[in-house]
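S.K.: Quick one: this structure, given as structure tokens, is what I'll be asking you about.
The values are calculated or read from the model by the stated rules, or taken from the named source; none is laboratory data. Since we're looking at a predicted model, the values are computed, not measured. Cβ atoms come from the backbone with ideal geometry, glycine included; neighbour counts cover every protein chain shown. SASA here: full protein model, heavy atoms, side chains in, ligands and nucleic acids out. Shrake-Rupley method; radii C 1.70, N 1.55, O 1.52, S 1.80 Å.
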Amino acid sequence: MAKRVKFQIGDLVSIPLENESFGSMVGRILNIDGGSVLLEVYRTHPIANASEFDYDAVKDKRPILIMWCYNKAIKNGSWVIFDRKPVESYGDIYFYSEISTDEFSLTKDNGTVVGELTGVRVSAEEAKKHYPYGISNEIALPRRLKYLLQAEGILSPDSGT
């Protein structure tokens, strides 16, 4: 039986993109709730190995994504922990949910996967300032990251499947 990896808040993990030839993104565990972790994924080019990652260059940039994710890929070692950077406090994070085509609501992260519904309704433009509400996994998160990297021009649109 494979050994389970132990992890904690502040761990930096390498998240392979959908097509591993594109490299990996780096995320940091901000919080843990049962079988899920809150990850901030840094806004940077994919890396081939951990030695390429420059924490000081990205730590003050807005993450490309903050999202709750099941911890299975970390526990089984698919997403490799390669460093740890302390998490003092991550402040208020608001996630958006779509209500209709041009109306969204916000949910405040309250330290658990199930956020605190704020009842605040916002426009699509305002929703773009926040992150999507929900929980991801080891398949969906790399796909979402690839899409975001392509949308920002970091990966070319014809990259991968």
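S.K.: Please state, as a whole number in µm²/s, the translational diffusion coefficient that the Stokes-Einstein equation yields for the chain at 4 °C and 1.567 mPa s, with Rh defined as the Kirkwood radius across alpha carbon pairs.
M.R.: The calculation lands on 79 µm²/s.
S.K.: Next up: Quick one: pull the percent of accessible area on region 1-91 belonging to carbon and sulfur, 1.4 Å probe, ligands and nucleic acids left out.
M.R.: 47
S.K.: Between Arg121 and Arg62, what is the label-to-label distance in nm when each label sits 7 Å out along the Cα-to-Cβ direction?
M.R.: Label at Arg121, label at Arg62, 2.5 nm between them.
S.K.: Using only Cα atoms, tell me the angle between helix 140-151 and the longest principal axis of the chain; keep it within 0 to 90° and round to the nearest 10.
M.R.: 80
S.K.: For the ranges 50-62, 24-36, what's the packing order if you count other beta-carbon atoms within 10 Å of each residue, average per peptide, and put the highest first?
M.R.: In descending order of packing, they fall as 24-36, 50-62.
S.K.: Output the antiparallel fraction of DSSP beta bridges having both residues in region 61-161, as a percent to the nearest 5.
M.R.: Taking every DSSP beta bridge with both residues in region 61-161, the antiparallel ones total about 70 percent.
S.K.: Hey, another quick one. Which of the residue pairs Lys6/Lys128; Lys61/Lys128; Lys3/Lys85; Lys72/Lys129 have a Cα-Cα distance greater than 26 Å in the structure shown?
M.R.: Over 26 Å Cα-Cα: Lys6/Lys128; Lys72/Lys129.
S.K.: If you don't mind, there's one more thing I want to ask. Over the chain, with the other protein chains present, what is the accessible area per residue in square angstrom, probe 1.4 angstrom?
M.R.: About 56 Å² of surface per residue is accessible.
S.K.: In addition: In region 1-91, with Lys and Arg counted as +1 and Asp and Glu as -1 at Cβ, which of these residues, His45, Val58, Val5, has the Cα nearest the positive end of the dipole, that is, farthest along it?
M.R.: Of His45, Val58, Val5, it is Val5.
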